[in-house]
Each structure stands twice: as C-alpha cells, then as structure tokens.
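Below is one structure, written out as structure tokens; the observations come after it.
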Amino acid sequence: MTRTIVALATLAWLAPSAVFGQAPPAATTVEADSVRCWWRTDKSAVRMGEPFTAVLTCAVLETASTKAVVDRSRLDHTVMALPPFDVLDGGAGEDVVSGARRFFQYTYRLRLLNDNAFGQDVTLAGLSIGYRLDTATADGTTSQGRDQTYALPPLSLRVLSLVAGSARDIRDSTSMTFADLDARRFRARTFNMAGWFLYGLAAAVAALGLARLYRAMRSPAAATTVTSVSGGAVLKAAARELAAVSRAKQGQGWTDDLVGRAAAALRIIAGYAIGRPAAQMKGLAADVHGGQIALSQGLIRRRHALVSAAVTPEDMAQAAASNGAVQQVRDGIAALTAARFGRAGLDESSLDQAVSAAGPLARSLALRHSWPMEQWRKVTSAVTNWTGRA
C-alpha cells in the first residue's frame, strides 16, 4: 500500500514537467480569401433597354508556394449568362500582379428588356466561380488541391420607368427641339458650303499648276533672262572667281584667260557697287562665254545662271571719288581695258591691287544684298511710304 502511494505521488510530481517540457507545434500560416471578386457598374440606375457596362474584378492568391487557379472558361462574354440581363458585348484586360495577388477583369455590355421591371430593383445575379489551390512541394512538383467554389455576391440596380401612371404607351425620352434641329441644319449647310469652297480652291490650284506646266512645255529651251538668283549669290560667285584667278596667277602669271576672268568678276562687283545689278541668263558652266561667270543656287530646286556686267571706268567715276576700294577696282578695269584693247602693256600692279581690293568689297556688297537685308529694306521702304502718305 505504501509503495502504491509513493508511485502515485511520483507520477503526480513528474506529469506537469512532461507536459510543459513538450515542444509546441509548428505554427502554420493560412492565407484567408484565396479568391475575392466584386461587381462594378458605370450606372447605379438604368432605363429599360439602355446599354450599360458591368465590370467583374477578381483578386486571387499567387505566391511562391501557393497559387489559386480560377476556372475562367465560363467568364468570357461569349458564354456568360447574367439573367435577366442580355449580354451584348464584352472583353478582358491584361492581368495585373501586385504583391501576393493577381488581379484580372472582365467587362460586359448589358441591357435589360423586361416590361415587368419598371421602377423596381433588379439584381445582377451572383456567380459561382470555380477554383483550386495548387501548392508547391519540397521536391519541386506541384500538388493540385480539390475543386472549390467562390460565391460572388449579387448587385442590385434600379430600373427607371419611362411610363407615367396614366399613360397608355411608352414615350421616347428626348431633349431635341425644333431650335436644335434648325441649328444642326445650319451647321450642316455651313460645312457643305465650306466643302464646296475648298473643292473650288483645289480645282483652281490644279488648273494653275496645269497651265504653268503647259507653258513650261511649250516654251523654247533657249537661254532666257532670269532674275531668280540673288545678288548676294552673284557677288559671292564673283569673289570666288577672283580668288581662283589669284591662285592661278601665282603659278603662271597673268595670261589672257586669267585677264578675261578677272575683268568679268571686277565688272560684276563694280556694277553692284554703283547700283547696277548684273544681267542673268539661264545656262551651265559649259556655256560660259567671254565676260560671264557661271553659278548655281538652291538646294531642292537648283537654279543655274550665267551672269555678266557692262561697266566702264567712266560709269564708276562718281562712286570712286568717295570710296577707295571702288577706286582701286576702277583702276583695275581701266588697266584691263587698256591691255586688251590698247597698245600699252598690262599694268600688273594696278590689276593686283584691284583684285586684292575687290575681294573685301564683294563680301561687303554680298552682305548688303543678302535676303534678310533685302527684306529689311522692303519693310523700311513700306513704312516710309506709309508715313509719307499719312
């Protein structure tokens, strides 16, 4: 008896230690709401037969170890049934992954045709969405869970009635008045008149283009006088010609060919210095004759011209009296004239001075005859004429 009592006391003393010394079970984390869906509509109240949009959005669990796989085969608008609403159209957007959730949406275009639903609340039926939970195992495989069902709560919409209590038929709801119709008719007539005006303008432009094309085809191909090459381009070409003559003269001295080229360039520069622009002819470099310089201008519509000037030393007397560079050019032209048409020899020093002075003079004249300066002179001249009349 004593031994039994001692054994029972020993067990009673050891039992709490055995219980409290036992390791606690491992904690497990369970993700709540593996699938969660909701409805959203663009209108809270609809009229009978009025199309509206309903959007179904779902957020499903997707982690490295657990993934909720939803059966989407019955969510497409081609197979979706949402009585009492008719599914007109729909679509699906791209999935969006955020954190441990994957979001997807389906859009449905719905309408209601039911003569018993005026002024009542109609329920957009809830859905039973099937899914399963796939779990990744330790060996790298995937374990598929059992099929489960998510019950989507319904959504109620108010149906507005178009029928008064004493009405015998359904009246169309429209805000269009006679004034609105007249305004639309006036706008249509205005657009029609504008369209015919633009048609006429296009026809006139086309006729003008055809007339110019016909005139260009009928005109002879011979060289004619042109004024399309700017004075700045002519003066730059004359300066380049003088630079080429100066380089060639250093190697072979003054020859008859170099004298003729220098005379042509000097006369062109002298003409612009006294206010006589050079004469222009259509032609290429192969068509150059004595006293002419060939040049081209333009990037898209290239223009080729042959320019020349007929200036004598007597024409430059007044300008040379007040400008030393013009005087040196005048002396060079006089030396060239005496050498080519007289018995005296060529005054090379006068010609060298004329060539050296004509380069800076040509560049300053080219700046004066550039396009911005020409436009500025036109503006100032127009302002002066206007103020004079005022």
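What are the residues in the range 294-316 that are touching a Ser or Thr at 6+ places or on another chain (Cβ under 9 Å) and surrounded by 23 or more Cβ atoms within 10 Å (Cβ to Cβ), if any?
305
Looking for something touching a Lys or Arg at 6+ places or on another chain (Cβ under 8 Å), surrounded by 15 or more Cβ atoms within 10 Å (Cβ to Cβ), part of a strand (DSSP E or B) and at pLDDT 90 or above - is there at least one such residue anywhere in the range 33-52?
Yes, some residue in the range 33-52 is touching a Lys or Arg at 6+ places or on another chain (Cβ under 8 Å), surrounded by 15 or more Cβ atoms within 10 Å (Cβ to Cβ), part of a strand (DSSP E or B) and at pLDDT 90 or above.
Quick check: anything in the range 310-332 under 15 Å from residue 235 (Cβ atoms), assigned by TED's automatic domain parsing to the domain that holds residue 236 and in a strand (DSSP E or B)?
Scanning the range 310-332 turns up no residue that is under 15 Å from residue 235 (Cβ atoms), assigned by TED's automatic domain parsing to the domain that holds residue 236 and in a strand (DSSP E or B).
Looking only at residues in the range 107-118 that are surrounded by 10 or more Cβ atoms within 10 Å (Cβ to Cβ) and without any contact (Cβ under 8 Å) to a residue 60 or more places away in the chain, which one is nearest to residue 59 (Cα to Cα)?
This residue is 107.
Given the condition at pLDDT 75 or above, out of contact with any strand residue (DSSP E or B) (no Cβ under 9 Å at 6 or more places or on another chain) and not hydroxyl-bearing (Ser, Thr, Tyr), answer yes or no: does some residue in the range 305-313 qualify?
Checked against the condition, which is being at pLDDT 75 or above, out of contact with any strand residue (DSSP E or B) (no Cβ under 9 Å at 6 or more places or on another chain) and not hydroxyl-bearing (Ser, Thr, Tyr), the range 305-313 yields at least one hit.
Say we look at the range 257-292 and pick out the residues that are of a type in the set (Val, Ile, Thr) and at pLDDT below 80; which of these is nearest to the chain's Cα centre (by Cα)?
My answer is 288.
Quick check: anything in the range 178-198 at pLDDT below 80, loosely packed, with under 10 Cβ neighbours inside 10 Å and aliphatic (A, V, I, L, M)?
There is no residue in the range 178-198 that is at pLDDT below 80, loosely packed, with under 10 Cβ neighbours inside 10 Å and aliphatic (A, V, I, L, M).
Could you pull out the residue among 69, 55 that is modelled with pLDDT of 90 or more, among the β-branched types (Val, Ile, Thr), part of a strand (DSSP E or B) and within 30 Å of residue 139 (Cβ to Cβ)?
69
Within the bounds of the range 158-165, is there any residue that is surrounded by fewer than 10 Cβ atoms within 10 Å (Cβ to Cβ) and at pLDDT below 80?
Yes: the range 158-165 contains one or more residues that are surrounded by fewer than 10 Cβ atoms within 10 Å (Cβ to Cβ) and at pLDDT below 80.
Looking at the range 34-59, which of its residues are among the β-branched types (Val, Ile, Thr) and closer than 18 Å to residue 107 by Cβ?
If the condition is that a residue be among the β-branched types (Val, Ile, Thr) and closer than 18 Å to residue 107 by Cβ, then 41, 46, 53, 55, 57 are the ones that fit.
Scan (1) surrounded by 15 or more Cβ atoms within 10 Å (Cβ to Cβ); (2) within 43 Å of the chain's Cα centre (by Cα); (3) under 18 Å from residue 155 (Cβ atoms) for the single condition residue 127 breaks and write down its number.
Single failed check for residue 127: (2).
The values are calculated or read from the model by the stated rules, or taken from the named source; none is laboratory data. The model shown is predicted, which means the values in this text are computed figures rather than measured ones. So basically every Cβ, Gly included, is an ideal-geometry build from the backbone, and we count neighbours across all protein chains shown.
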